[in-house]
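Just so you know, all these numbers are worked out from the coordinates, no wet-lab data involved. Given the structure is predicted, the values throughout are model-derived calculations rather than measurements. For neighbour counting, all protein chains shown are included, and Cβ atoms are generated from backbone atoms with ideal geometry for every residue, glycine included.
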Amino acid sequence: MTASYNFAIIPGDGVGTEISAAAGDVLAAAATRFGFAVDTETYDWGCDRLLQSGEMMPGDALETLGDFDAIFLGCIGDASKVPDDVSLEMLLAIRTGFDQYVNLRPIKLYPGVPTPVATANPDTVDMVVIRENTEGEYARMGGIFKRGTPDAVALQTGVFTYKGCERVIRYAFDLARDRGKLGAGETVGRVTNCTKSNALNYSMVFWDEVYNDVSASYPDVARDAALVDAITMWFIKNPEWFDVVVASNLFGDIITDLGAMLQGGMGFAAGGNVNPERTYPSMFEPIHGSAPKYTGMQRVNPIASIEAVRMMLDHVGEAEAAAGIERAVATTLAAGEHRTADIGGTARTDEVASAVAVLVLNQPDA
């Protein structure tokens with residue numbers, strides 16, 4: 001019996017329509033090549049909708065999305081229309097509403113991709129950052145008091161629960177064990193704890209305590225820790241050291257942008273907002289933002305969106321299709337014939353996606 005999947009597509013703002021179409025072309029090619037069926041439903045949620053109706057997405061959006069196997073999100077935000085702190089509420093509402101507590105960010109440099117970091121090459125850049133995705137510094141708790149006066153006070157409260165920390169750290173250790181990057185031996189993988197407990201004497205000290213509790217159950221996975229500011233240095237100096245990095249919401253958000261530079265730029269960076277228990281659908285997206293100034297120009301690199309599709313298919317169990325997309329992306333990038341402007345080429349968004357889709361359909365099996 002042919003497997004069938006139902007995916008929600010939210011193109012969002014700016015270049016979202018273009019990159020979503022590009023990702024859709026590769027998704028369709030993978031379905032044809034690897035023998036599964038795909039149905040998609042597109043939702044025009046975002047800043048334009050807010051300007052027209054007063055809402056980024058309808059009040060029953062989570063109920064609507066809950067019936068899908070997974071969600072593809074293009075990009076959200078356009079500060080010229082809606083303040084970023086307002087538009088971000090849509091993304092956070094989906095993440096928290098569906099308990100997508102793992103933000104999964106693979107950081108891998110493909111052969112043939114130029115990178116601004118001298119120490120980065122395909123042999124040294126192969127890591128995953130696991131970012132806590134539903135609480136921490138982005139819990140949106142606090143307030144501004146006496147605004148507009150000399151006595152104004154702003155409070156932003158981070159929320160760190162034992163459950164929230166434990167489950168995402170455990171996910172990181174399980175992933176390191178599965179990746180087996182260190183090979184055979186006493187330790188098969190490494191989890192680096194990204195912390196700042198020297199200065200954040202409550203939240204990060206607590207985070208470290210949970211890390212220590214969880215790590216005791218994984219004697220076969222090496223423990224490692226670094227302050228977040230030091231990690232920004234070590235990512236550049238010794239990227240080959242890192243296997244899996246686990247971080248709080250804010251710190252994970254920061255270091256993954258640096259990770260994107262290691263892998264060639266934001267045009268290559270994709271992420272998953274994952275509910276590991278599959279109680280709710282997970283959501284996959286490029287992390288490069290909506291780039292409103294390029295809207296309609298077919299200028300943006302579609303690889304990040306294609307990578308998001310790869311991750312989505314892997315999540316729903318189509319591992320062979322995900323591997324096929326990865327091979328097609330690697331072959332396209334190594335050949336160097338289809339490059340967008342961000343890496344010195346002249347190819348359009350849709351042209352690069354088409355080249356990948358053709359390879360997905362026609363490349364030999366691994």
- prompt: Measuring from label point to label point, each 7 Å out along Cα→Cβ, what is the Ser4 to Leu250 span in nm?
  reply: 4.8
- request: Between beta-carbons, use under 15 Å as the cut-off and find the net charge around Ala22, counting Lys and Arg +1, Asp and Glu -1.
  value: -3
statement: The local net charge around Ala291, scoring Lys/Arg +1 and Asp/Glu -1 for residues other than Ala291 whose Cβ lies under 11 Å from its Cβ, equals -2
- prompt: Sequence-distant or interchain residues sharing an amide H contact under 5 Å with Thr195, placed H: which?
  reply: Ala226, Leu227, Val228
- request: Return the FRET efficiency for the residue pair Thr279, Ala323: r is the Cβ-Cβ distance, R0 is 45 Å, and the value is rounded to the nearest 0.05.
  value: 0.95
- prompt: Where nothing but the Cβ of Lys and Arg (+1) and of Asp and Glu (-1) is charged, how large is the charge dipole of the range 116-262 around its Cα centre, in debye to the nearest 20?
  reply: 380
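Order 152-158, 97-103, 301-307 from most to least packed using the mean count of other Cβ atoms within 10 Å. Mind showing how you got there, number by number?
Numbers: 152-158: 11.7, 97-103: 20.7, 301-307: 29.3.
Result, highest mean first: 301-307, 97-103, 152-158.
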- prompt: Nearest 0.05, what FRET efficiency do Ala230 and Glu63 give at R0 = 45 Å with Cβ-Cβ as r?
  reply: 0.55
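Convex hull volume of the Cα atoms in the range 1-110, per residue, in Å³? Show your work: numbers first, answer last.
Values: hull volume 15.4 nm³, N = 110.
Cα-based convex hull of the range 1-110, divided per residue, equals 140 Å³.
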query: How big is the convex hull of the Cα atoms of the chain, per residue, in Å³?
result: 157
task: Please list, in chain and number order, the residues 5+ apart from Val128 or on another chain whose amide H is under 5 Å from its amide H, with Hs placed from the backbone.
output: Ile107, Val244, Val245
message: With equal scatterers on the alpha carbons only and no solvent term, can you work out the Debye log10 of I(q)/I(0) for the range 116-262 at 0.09, 0.10, 0.11, 0.19 1/Å?
response: -0.31, -0.38, -0.45, -1.12
message: Which of rounded, prolate or oblate describes the range 75-114 when judged by the alpha-carbon gyration tensor and an a/c cut-off of 1.5?
response: oblate
field: Distance (nanometres) between label positions extended 7 Å along Cα→Cβ at Ala184 and Asp365
entry: 2.8
query: Three principal axis extents, largest first, for the C-alpha atoms of the range 156-235, in Å?
result: 44, 30, 16
- request: For the range 77-147, restrict the atom set to alpha-carbon positions and state the Rg and Dmax in Å.
  value: 17.7, 55
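What's the local net charge at Pro11, with K and R +1, D and E -1, over the other residues with C-beta under 10 Å away?
Details: positive: none; negative: Asp13, Glu18, Asp44.
Local charge sum for Pro11: -3.
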task: Read phi for every residue in the range 151-157 and hand back ³J(HN,Hα) as whole Hz from Karplus 6.51 cos²θ - 1.76 cosθ + 1.60, θ = phi - 60°, with x for Gly and Pro.
output: 9, 4, 9, 10, 10, 10, 9
Under Karplus coefficients 6.51, -1.76 and 1.60, residue-wise ³J(HN,Hα) of the range 122-135 in Hz, glycine/proline x: x, 7, 9, 10, 7, 9, 9, 9, 9, 10, 5, 10, 10, 9
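What number of lysine-lysine pairs in the chain show an alpha-carbon separation below 21 angstrom, given a sequence spacing of 8 or more or placement on distinct chains?
Numbers: Lys81/Lys293; Lys108/Lys181; Lys108/Lys237; Lys163/Lys196; Lys181/Lys237; Lys196/Lys237.
Lysine pairs satisfying the spacing and distance rule in the chain number 6.
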For the range 339-345, Karplus couplings with θ = phi - 60° (6.51, -1.76, 1.60), whole Hz, Gly/Pro x: 10, 7, 4, 5, 10, x, x
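Given axes a ≥ b ≥ c from the Cα gyration tensor, I'd like to know whether the range 281-361 is rounded (a/c under 1.5), prolate (a/b larger than b/c) or oblate. Each step should come with its number before you reach the end.
Details: a/c = 2.57, a/b = 1.29, b/c = 2.00.
Oblate.
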